[in-house]
1. Compute the helix-to-body angle for 61-71: its Cα long axis versus the longest principal axis of the chain, expressed 0 to 90° and rounded to tens.
2. In whole Hz, what ³J(HN,Hα) sequence does region 16-22 give by Karplus (6.51, -1.76, 1.60; θ = phi - 60°), x for Gly and Pro?
3. In whole Hz, with x marking every Gly and Pro, tabulate ³J(HN,Hα) for region 26-34 from phi via Karplus 6.51 cos²θ - 1.76 cosθ + 1.60, θ = phi - 60°.
4. Once fully extended, how much extra length lies between TYR83 and ASP12, figured as 0.36 nm per residue of separation less the alpha-carbon to alpha-carbon distance?
5. Could you give the nm distance between label points at GLN35 and ASP2, where each point is 7 Å from its Cα heading toward the beta carbon?
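Computed from the coordinates by the stated procedures, all read-outs in this text should not be read as laboratory data. None of these values were measured; they are calculated from a predicted model. Cβ coordinates were reconstructed from backbone atoms using ideal geometry, including for glycine residues, and neighbour counts include every protein chain displayed.
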Amino acid sequence: IDFDLILENVKDLNVLAGEGVPQIEHTPGGARLRQPEPLPLTLYQNGIVMFNGPFRPYEDPATQQCLQDIMDGYFPSELQLRYPDGV
């Protein structure tokens, strides 16, 4: 696993997702600006934790696919169900 590549690509993906750029949220009677909600990802020596969920070892095929997507420069495909309109 190329951790340097993962960190570099996560930074790029954060920019694509609008990190630091407020979004317009429509409310009854108006609108307000809000910051996009972060997606927590913690890398460990032997696995990852995403969304404060369960620990996922690197040997798990789903974890390998998630990290391969990031190393390829894409948002993890497993996020499509959670974010059908994009991250």
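1. Between the helix axis and the principal axis of the chain, the angle is about 70 degrees.
2. So the J values, rounded to whole Hz, are 4, 7, x, 4, x, 9, x.
3. Karplus values, whole Hz, x for Gly and Pro: 6, 10, x, x, x, 7, 8, 8, 9.
4. Values: separation 71, 0.36 × 71 = 25.56 nm, distance 1.82 nm.
Working it through step by step, the gained length comes to 23.7 nm.
5. Going from the GLN35 label point to the ASP2 one covers 3.1 nm.
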